[in-house]
Amino acid sequence: MNKKKICEILLIIIGILLIIVSILIVNKYRKNVKNYKEAIVWIENFYMEEPNQVDDVKTLKYKGYDVIGVIKIPKIELQYPIISENSKEAMDVSITKFFGNGVNEVGNLTLAGHNNYDNTMFGKLNELKIDDIIQLTDINKNTKEYKIYKIFKTTPNDSSVVSTEEFGTREVTLITCSNGNKERLIVKAREIQ
């Protein structure tokens, strides 16, 4: 085979690979957007139901996972059910509880979510600023607002981010990957009194 023929074959193979990669990226984007739309519908239905004030009896499910509440961040148009399980599979579905007590309980509730390039899940956390608001709703539909007081990046192994910074308060910490998974973007907020 001559060099020209080899180059033509290589160009065809590269072209096919580019098409396949493009299709995979588009499918991932469509899946994330579809998942976000399903989360919004689930949340709308959640708020339309009558509150159930019987503690520890009501179990909510989203795509087979137990739900402990809802997170909303109006500034970045984020709203997702909070899944109690923290696994790779659960994180592909929604925001997950990483550490801490229940939603709106005293202490630091730490939530983890993917930093998706299509701006779903925690893909727009980097747009948040100090004093922006995070809303958490528990399964009994009690909503509390939290004001962001600290935003920073740290190493993936930094476990200090799950600590409560001010004893006796309600806090929420959001964690997502950053810098090609080499760092973690941390957003910390405290209940507005």
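In the context of the full set of protein chains, the chain has a per residue accessible area of 59 Å² (1.4 Å probe). Cross-link check: pairs 28/150; 37/150; 37/61 evaluated at a Cα-Cα cut-off of 28 Å; pairs beyond the cut-off: 28/150; 37/150. Of all the stretches in the chain, which is the longest one without any exposed loop site, taking chymotrypsin sites (Phe, Trp or Tyr not before Pro) in a DSSP loop (any state but H, G, I, E, B) with at most 13 other Cβ atoms within 10 Å? The longest such stretch corresponds to 1-116. Counting only DSSP beta bridges whose two residues both lie in the chain, roughly 85 percent are antiparallel. Counting pairs of Cα atoms in the chain, how many percent are more than 27 Å apart? It works out to 34 percent of all Cα pairs. Apolar share of the accessible surface for region 89-128: 48 percent from carbon plus sulfur atoms, 1.4 Å probe.
Do the alpha carbons of any pairs in 72/188; 31/63; 31/182 sit beyond 20 Å of each other, and which pairs?
The answer is 31/182.
Quick check on region 74-166: what are the equivalent-ellipsoid semi-axes from the Cα gyration tensor, as sqrt(5λ), descending, whole Å? The partial results should precede the final answer.
Working: eigenvalues 63, 56, 53 Å².
For region 74-166, the semi-axes come out at 18, 17, 16 Å.
Computing the accessible area with a 1.4 Å probe over protein heavy atoms, can you report the carbon and sulfur percentage for region 142-188? The C+S portion of the solvent-accessible surface of region 142-188 is 44 percent. The slack in the chain from residue 183 to residue 59, taken as 0.36 nm per residue of separation less the alpha-carbon distance, amounts to 41.2 nm. With R₀ fixed at 22 Å, the C-beta to C-beta distance from residue 193 to residue 66 puts the FRET efficiency at about 0.15.
Can you list the trypsin sites (Lys or Arg not before Pro) in region 132-192 that are in a DSSP coil and have 10 or fewer other beta carbons within 10 angstrom?
Working: sites: 141, 144, 147, 150, 153, 170, 182, 184, 188, 190; in loops: 141, 182.
Loop-located and lightly packed - 182.
Summed over qualifying helices (DSSP H, 4 residues or more, each -39500 (n - 2.57)) and divided by its residue number, the chain shows a 222 nm mean residue ellipticity of -9000 deg cm²/dmol.
Between residue 26 and residue 86, full extension at 0.36 nm per residue minus the direct alpha carbon distance yields a gain of 19.0 nm.
With semi-axes defined as the square roots of five times the eigenvalues of the C-alpha gyration tensor, the equivalent ellipsoid of region 146-193 measures 22, 11, 6 Å, largest first.
Taking the Cα centre of region 101-193 as reference, the dipole from Cβ charges on Lys and Arg (+1) and Asp and Glu (-1) amounts to some 120 debye. Distant-in-sequence amide contacts of residue 123, defined by a placed amide H-H separation under 5 Å and a gap of 5 or more residues or a different chain, comprise 116.
The values are calculated or read from the model by the stated rules, or taken from the named source; none is laboratory data. Since we're looking at a predicted model, the values are computed, not measured. When we count neighbours, we look across all protein chains shown, and the Cβ atoms used for this are built from the backbone with ideal geometry, even at glycine. Each accessible area value is taken on the protein alone, full model and side chains, heavy atoms only, with ligands, DNA and RNA left out. Shrake-Rupley method; radii C 1.70, N 1.55, O 1.52, S 1.80 Å.
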